[in-house]
Amino acid sequence: MTARTIAVVTAGLSQPSSTRLLADRLAEAARAALADEVTVEVIELRDFALDVTNNMITGFPSPRLREAIDTVTRADGLIAVTPVFTASYSGLFKSFFDVLDKEALEGKPVLLAATGGTERHSLVLDFALRPLFAYLRANPVATGVYAASSDWGGALQERVERAAKELAALVNAMPEAKPDDEFTSVPFAQLLAGD
């Protein structure tokens, strides 16, 4: 069996960020649940904010954004974590997934997670994140993880571990990609030119 790759997309804006902290916990739990050799690659979206915006305006990703997109699309599984802003995912989080090809995540196992100030925003998982990833035809695990400011205790870790085990089960059930199965992206300019 070849090594599996888990991409972690985290959209926290501050440093340190509770969103990044949750992403790191989920990644570590997924690494433990997979038990085999696994590579975890973290994409901190705050570092790509201008690249994402420029891609949305021009239709062309910068080389570093292209690398981040390729990391996500080639990964065997995805952990997607966003802070909650105005009862939904952050604009930066949504914009990143907007620049992906709409088939790029088809069938990909995804663990959905969010952070927020209060428990009142926990439904963001089911009313914002799940519809987004359903549209992208990804395969979200049953357990989403929401962490409010008051949640950083034992019950949160139980949810983290349960969701990570579900992600590991889906990743392990996926056939291993062959080199010719890799998703290849087509630059927007090529689509316009018909090449």
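Things worth noting here:
- DSSP-defined antiparallel bridges as percent of all bridges, region 4-191, nearest 5: 10
- 19 Å Cα cut-off, lysine pairs counted over region 4-191 (separation 8 or more, or different chains): 4
- More than 22 angstrom apart: percent of Cα pairs within region 4-191: 42
- Region 4-191: relative contact order in percent, alpha carbon pairs under 8 Å with at least 6 residues between: 25
- Residue-normalised accessible area of region 50-95, expressed per residue, 1.4 Å probe, Å²: 44
- Normalised contact order of region 39-128, rounded percent, pairs of Cα under 8 Å and 6 or more residues apart: 31
- Rounded to whole numbers, the Karplus 3J(HN,Hα) couplings from phi for region 137-149 are 6, 7, 10, x, 5, 5, 8, x, 10, 10, 10, 7, 3 Hz, using 6.51 cos²θ - 1.76 cosθ + 1.60 with θ = phi - 60°, and x at Gly and Pro.
- Ranking Val9, Val84 by solvent-accessible area of protein heavy atoms (1.4 Å probe, all protein chains present), from largest to smallest, gives Val84, Val9.
- Spatial separation of Cα centroids for region 138-176 and region 22-95, in angstrom: 16
- Accessible-area composition of region 79-152, carbon plus sulfur, in percent [1.4 Å probe]: 52
- Amide H contacts of Val110 (H built 1.01 Å from N, under 5 Å, at least 5 apart or other chain): Leu78, Asn139, Val141
The values are calculated or read from the model by the stated rules, or taken from the named source; none is laboratory data. Owing to the predicted nature of the structure, the values given are computational and were not obtained by experimental measurement. Remember, those area values only see protein heavy atoms, side chains included, never the ligands or the DNA or RNA. Shrake-Rupley method; radii C 1.70, N 1.55, O 1.52, S 1.80 Å.
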